[in-house]
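What follows is calculated from the coordinates using simple rules that are stated; it is not laboratory data. Being a predicted model, the structure only gives us computed values, none of them experimental. Because the Cβ atoms are built from the backbone with ideal geometry, glycine has one as well, and the counts that use them run over all protein chains shown.
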Amino acid sequence: MFDENGNAKETSIVTVCGFDRESGEYQATYEVRVLIGTGIPGFSTLTPPPASKPGYACVWRGDEWEYVADFRGTTVYSVADGQAQNVSSLGAMKAGFVKVAPATPFDTWNGKKWVTDADAQKAAQVVQLEAVRTSLLSEADDIMRDWRDELSLGVISDDDKAKLLSWLDYKKRVKAVDISLGESIIWPEEPADVA
C-alpha cells in the first residue's frame, strides 16, 4: 500500500494514530484519505498503540510506542520542605518529591516517611500560646486603665476598686498559666462584671 518512502501507491482510506508533536503522546486514532504519491499526516503513524495501562501514557518514539510513567494531575510533596506541587508533565516523578503529604508543618522526610519534629512543634505551640497570653493581658490592661487612673488620683469608687482588684487577680492567674502544657491548658475566665 505504501512504498519505501512512505508514499501511497494508490489513493485509499487508512487508519492512523496521531501523537503530540512535542511529547509524542498518543492522542487519537482516526481515518484519513491518503492520495496516491502522498504520505500519512504528520505526527501520526500506522502502528497502533498498545492497550492503555493505568499510570502510564503511550508515547511514540519514532519507530515504536513506549509506556511512559504518567503522574499528571497528581499532587506531590518536596522532601526538602513539604511544599505541594501539581505534576503537569509526563515522565518519572522528579527526584526529591513523594506522593505522601506531610501530616504537620513540622514534618521532615527521613528517607522513607514523614516524621514529626516534636521539639519544633512544641516550640511553635509555646510561641502561639505566649501570643495568646500577651493578648489577654493587654485586653485586661485596657479594661483596667481608667480604674488605675482613678485609683492614683484617689477618686475611685468602692465598686470600681473591687472590679480593679478582680481584674488584677485575673491577670495574675493568666500569668501563672503553664503554657508548656500545650493545648490542654485552660485559660482563666475573665471577671464577669466589666462595666
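If you build the Cα gyration tensor of the range 48-136 and take the root of 5 times each eigenvalue, what three semi-axes come out, in whole angstrom, biggest first?
Details: eigenvalues 376, 28, 15 Å².
With the √(5λ) rule applied to the range 48-136, the semi-axes are 43, 12, 9 Å.
Counting other beta carbons within 10 Å of each Cβ, put Ile143, Ile36, Ile185 in order, fewest first. Intermediate results must be reported in sequence, preceding the final value.
On the way: Ile143 17, Ile36 10, Ile185 13.
Ranked by crowding around the Cβ, least crowded first: Ile36, Ile185, Ile143.
Which aspartates and glutamates have a Cα less than 17 Å from the Cα of Lys175, not counting those fewer than 8 places away in the same chain?
Glu130, Glu139, Asp141, Asp142, Glu183, Glu189, Glu190
Which whole number of Å³ per residue matches the convex hull of the alpha-carbon atoms in the range 103-157? Spell out each step's value before the answer.
On the way: hull volume 4.0 nm³, N = 55.
So the per-residue hull volume is 73 Å³.
Restricting to DSSP loop positions (anything but H, G, I, E, B) with no more than 13 other Cβ atoms inside 10 Å of their own Cβ, which GluC sites (Glu not before Pro) remain in the range 1-54?
Details: sites: Glu4, Glu10, Glu22, Glu25, Glu31; in loops: Glu4, Glu10, Glu22.
Answer by residue number: Glu4, Glu10, Glu22.
Within the chain, what's the longest stretch lacking trypsin sites (Lys or Arg not before Pro) that sit in DSSP loops with no more than 14 other Cβ atoms inside 10 Å?
Details: sites that count: Lys9, Arg21, Arg61, Arg72, Lys94, Lys99, Lys112, Lys113.
For trypsin sites (Lys or Arg not before Pro) (loop position, at most 14 other Cβ atoms within 10 Å), the longest site-free span of the chain is 114-195.
Mean separation of Cα pairs under 8 Å and 6+ residues apart, divided by the residue count of the range 56-195: what relative contact order is that in percent?
Numbers: 150 pairs, mean separation 19.0, N = 140.
For the range 56-195, the relative contact order is 14 percent.
Determine ³J(HN,Hα), in whole Hz, for all residues of the range 34-42 in sequence, where each value follows from phi through the Karplus function 6.51 cos²θ - 1.76 cosθ + 1.60 and θ = phi - 60°; x replaces Gly and Pro.
3J(HN,Hα) across the range 34-42, in whole Hz: 10, 7, 3, x, 10, x, 6, x, x.
Need one number: nm distance between label points at Val127 and Trp187, each 7 Å from Cα along Cα→Cβ, rounded to one decimal.
So the two model labels end up 1.9 nm from each other.
Taking Lys113 as the anchor, which lysines have their alpha carbon closer than 24 Å to its alpha carbon, excluding any fewer than eight residues away along the same chain?
Reachable lysines: Lys94, Lys99, Lys122.
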